[in-house]
Each structure stands twice: as C-alpha cells, then as structure tokens.
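Every read-out reported here was derived from the displayed coordinates using simple, explicitly stated rules and does not represent laboratory data. Values in this document were obtained by computation on a predicted structure and should not be read as measured data. As a convention, Cβ positions derive from the backbone with ideal geometry for all residues, glycine included, and neighbour counts pool all protein chains shown.
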Amino acid sequence: MTQAPVLILLGPPGAGKGTQARMLEEDFGLIQLSTGDLLRAAVAAGTEAGKQAKAVMEAGQLVSDAIVLAILKDRMAAPDVAKGIILDGFPRTAGQAAALDALLADAGQKVTAAISLEVDDEAMVGRVSGRYTCACGEGYHDEFKQPAKAGVCDKCGGTTFKRRADDNAETVRERLKAYHDQTAPLIAYYGGKGVLEKIDAMGAIADIRKTLGRIVAGVAA
Ligand code: AMP
C-alpha cells in the first residue's frame, strides 16, 4: 500500500513555510499541520498547555517537546490527516524528529520528503516584521503581499486582520537563534535518510510555489 504523503517544511521564521503549506493544501489536497497555529490556539483557549507555552513563545524560544508532541499527536488522531500532511514548523528538535519517526513507524509510515526552504537570515527580520493574517488564516505582508483591495482579504472578503505578538524584530532574532541551534541540524538528519530536498526560497512566492509543486508531484504521486 502506498502511504499518504508526509511532507516536512524546514526553514527559519519568515522562510515562507506557512504560506507555501497553504498553497500545497490547495494544489494537492493535503492537510497543513502547523504546531505554531496549534500552540496559538491552545494559548487563546487558555488550556493548561497554552498557559505553559505562552511566555516561552513570546520570548521566541522553543516550547518543550512534551507539550508540542502532545498537541501534535492529538491533531494527528483526526481523520482528515489520512489525506496526507504538510508539517509546518515541526519537527524543530532532534527529539521531535525521532518522536515523529516513531509515531509514523507505528502506523507503518515514514517521512516522504523534508524540504528545506533556504533563505538569508537578515532578510527574514524584514519579512517577519511586516506580516499579518486575516482571521481566515490567509497571510499578507506590508511590502510583499498586499490584498488586491486594501483592507479586504482576497480569500474570504473578511476585514479583520491580526499580527502575531512574536513577529517583532527583537523576538525574530531570538527565533532565528533557536532555529540555527536546534532545528537546522535536522537538515543533515533528513539528508542522511535520503529524503531531503533544498530549494532557494528567496524569490517570488509564485515561483517557489511552482518549484515546490514539482517536488511534491514527484514524491507524492
Ligand atoms: P511558528 O508559528 O512555527 O513560527 O511558531 C511560533 C512559536 O511557537 C515558536 O517560536 C515556538 O515558540 C513555538 N513552536 C511552534 N512549533 C514548535 C515546535 N515544533 N517546537 C517547539 N516550539 C514550537
């Protein structure tokens, strides 16, 4: 039996993981699983996990593997993930990568591809500082991706937008450090498993979408 695709998007904050994951959802009918979104929902709902995660997220540091794994396992128990998933922002540590392998192995599955979005750190500070999101989840940027009609979401017509508490220059630098210290080593980890793809993610969103689409079509067919 061929398994549904399990794709991982690796890259620092601002690399475009969320934007591209949403496009892959549209293009391939896959499900985006963002641990950042799941954690923000837990914070907003005031759950025990959310209470513990809040200050850590605001400081730009990584939430504990235990909390992140519990939240992810919960989400992966839902039936829609059978369509195939794009992991956005997970795994972020060696421990999370090992736990993911074990979770997939239990279901007779493995990672289909880990795609590293390669970018320049300095550009990420500007990218992250200017971004905002519609209540429907569609992402925008003050400079790089404005809605066609100012103040109105292209996707849903909504007019309520928000900015993340951790999308400021100071916190982004902390998040970049966490990425290099704890997450970047996963590039070699997936390289060793023969499932790594690297793409230049400094270009236009539409061009990166095409490049990613070609890779995903190749591995998810
Ligand atoms: P993101 O939306 O992926 O940029 O994540 C926002 C914040 O949530 C991060 O800076 C971390 O504090 C936390 N977070 C998200 N995913 C993880 C993860 N896999 N492991 C640890 N912390 C995470």
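How big is the Rg/Rh ratio for region 114-221, C-alpha atoms only, Rh by Kirkwood, two decimals?
1.01
What's log10 of I(q)/I(0) for the chain at q = 0.08, 0.16 Å⁻¹, Debye sum over Cα points only, no solvent?
With no solvent term, the Cα-only Debye profile gives -0.27, -1.20.
Tell me the trypsin sites (Lys or Arg not before Pro) within region 42-119 that lie in a loop according to DSSP and have at most 16 other beta-carbon atoms within 10 Å.
Lys110
Would you mind computing, in nm to one decimal, how far apart the modelled labels at Lys193 and Lys177 are, each placed 7 Å from Cα along Cα→Cβ?
It works out to 2.9 nm between the two label points.
Residues of region 1-31 with the amide nitrogen closer than 15 Å to a label point 7 Å from the Cα of Arg164, along Cα-to-Cβ, please.
Within reach of a label on Arg164: 9-22.
What's the FRET efficiency of Val56 with Tyr132 using the Cβ-Cβ distance as r and R₀ = 25 Å, to the nearest 0.05?
On the way: r = 23 Å, r/R0 = 0.90.
Given R0 = 25 Å and the Cβ-Cβ separation, E is 0.65.
Could you tell me which of rounded, prolate or oblate describes region 105-171, using a ≥ b ≥ c as the square roots of the eigenvalues of the alpha-carbon gyration tensor, with rounded for a/c under 1.5 and, failing that, prolate when a/b is larger than b/c and oblate otherwise?
Oblate shape, in that a/c is at least 1.5 and b/c is the bigger or equal ratio.
Within region 105-213, report the GluC sites (Glu not before Pro) that DSSP leaves as loop and that have at most 16 other Cβ atoms within 10 Å.
Glu143
In a shell of Cβ-Cβ distance under 12 Å around Ala169, excluding Ala169 itself, what net charge do Lys and Arg (+1) and Asp and Glu (-1) give?
-2
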